[in-house]
1. For segment 1-147, which semi-axes, largest first and in whole Å, follow from the square roots of 5 times the eigenvalues of its Cα gyration tensor?
2. Determine the gain in length on full extension of the stretch Asn219-Lys234; use 0.36 nm per residue of separation and subtract their C-alpha separation, reporting nm with one decimal.
3. Among the listed pairs Lys197/Lys256; Lys22/Lys214; Lys134/Lys214; Lys81/Lys114; Lys22/Lys282; Lys149/Lys228, which are separated by more than 31 Å between their Cα atoms?
4. Of Gly235, Asn258, Leu223, which is farthest towards the positive pole of the chain's charge dipole, taken about the Cα centre with +1 and -1 on the beta-carbons of Lys, Arg and Asp, Glu respectively?
5. Can you give me the angle between helix 35-47 and the longest principal axis of the chain, using Cα atoms only, in degrees from 0 to 90, rounded to the nearest 10?
6. How big is the charge dipole of the chain about its Cα centre, in debye rounded to the nearest 20, if each Lys and Arg gets +1 on its Cβ and each Asp and Glu gets -1 on its Cβ?
7. What length, rounded to one decimal in nm, is gained on full extension from Glu83 through to Lys211, with 0.36 nm per residue of separation minus their alpha-carbon distance?
8. What does the helix-only formula give at 222 nm for the chain: each DSSP H stretch with n ≥ 4 adding -39500 (n - 2.57), the total divided by the residues, and the result rounded to the nearest 500 deg cm²/dmol?
Amino acid sequence: MEAIDNIDDIRTKVRSLKKQEKSVAFVPTMGALHEGHLSLFRLAQQHADEVVVSIYVNPEQFGPDEDFDEYPRELENDLAKCEEEGIAAVFAPSDTLMYPGEQLLSIHIDELNKYMDGGSRPGFFEGILLIVNKLFNIIGPDIAVFGQKDIQQFRILQQMVKEFNHDIELIMGPIQRANDGLALSSRNAYLDDQQRKLAPGLYRSLQYVAKQIKEGAQNVELLLDHQKDELQAKGFKIDYVNLFSFEKVAPVTDPKGNNKYILGGAVYLGETRLIDNIIIEK
Ligand code: AMP
């Protein structure tokens with residue numbers, strides 16, 4: 001496996017794979033790899049001949065009060081995992097390579113980022129679109145794989161690929177969870193023992209609401225309010241717990257038939273922000 005930190009070499013690598021008539025799938029990550037990431041690598045391998053991974057903690061998607069400095073960085077460990085998974089190449093660039101000078105252009109998002117994480121984290125999805133655009137243009141994959149864990153990211157990238165005509169097929173991988181249901185995340189490492197015990201409560205709460213909605217519950221708002229109260233009583237600080245349309249990522253109170261919805265939650269345990277979601281198809 002090649003670990004590559006410059007643009008020419010990763011382009012040469014991908015071109016040589018394509019010359020051998022191999023299809024290439026790309027999985028962008030911020031590293032501190034866990035089973036969630038590895039599941040995306042394996043899914044990518046099912047859809048393409050070779051898989052390229054990027055490991056880059058993108059400063060543009062962190063707000064000034066967020067955890068950019070604390071974010072776990074474990075490159076050596078991550079490279080060993082990629083090697084073990086049969087990844088063809090890892091692109092691990094520096095900040096100066098990705099942002100070599102003043103960035104005079106940006107990508108603006110008109111819709112799809114008003115609620116959920118976009119509502120709580122100003123500039124977050126603009127930062128993601130910027131880096132994913134750069135990475136797509138550098139790597140030039142046939143396929144790119146992202147996790148349902150960040151479902152709003154997936155939805156916005158889907159729109160980006162469509163509106164900006166990227167010739168890349170997007171695939172979404174399911175959320176990988178610990179045995180107690182907690183969605184795996186690099187940020188789970190921030191949780192202390194007590195918080196870690198509480199953490200699966202978010203998913204349990206979403207599961208309960210999802211079941212009620214699927215069974216035809218009428219008053220979704222009341223149902224959500226009740227769950228939020230319970231989570232708060234347990235020690236969670238709620239950012240949002242709500243039902244959103246998949247298409248517009250906007251709140252919905254009366255889910256109807258033949259539509260796709262996101263039941264999503266973001267909560268804090270101490271300083272740690274946890275997110276999770278369930279897709280509901282009615
Ligand atoms: P990150 O390194 O957090 O930027 O995540 C890189 C990719 O892995 C994104 O597409 C995430 O949605 C995905 N991912 C993160 N956690 C999980 C998980 N628990 N299960 C599946 N995919 C995940």
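Each value in this text was obtained by applying a stated rule to the coordinates, not by laboratory testing. Small disclaimer: the values here were computed from a predicted structure and weren't measured. All Cβ positions, even for glycine, are placed from backbone atoms using ideal geometry, and neighbour counts span all protein chains on display.
1. Equivalent ellipsoid semi-axes, largest first: 26, 17, 16 Å.
2. 3.1 nm
3. Correct reply: Lys197/Lys256; Lys22/Lys214; Lys134/Lys214; Lys81/Lys114; Lys22/Lys282.
4. So the residue furthest toward the plus end is Asn258.
5. Result, in degrees: 60.
6. In debye, rounded to 20, the chain gives about 920.
7. Computed gain between Glu83 and Lys211 is 42.1 nm.
8. Dividing the helical sum by the residues of the chain leaves -11500 deg cm²/dmol.
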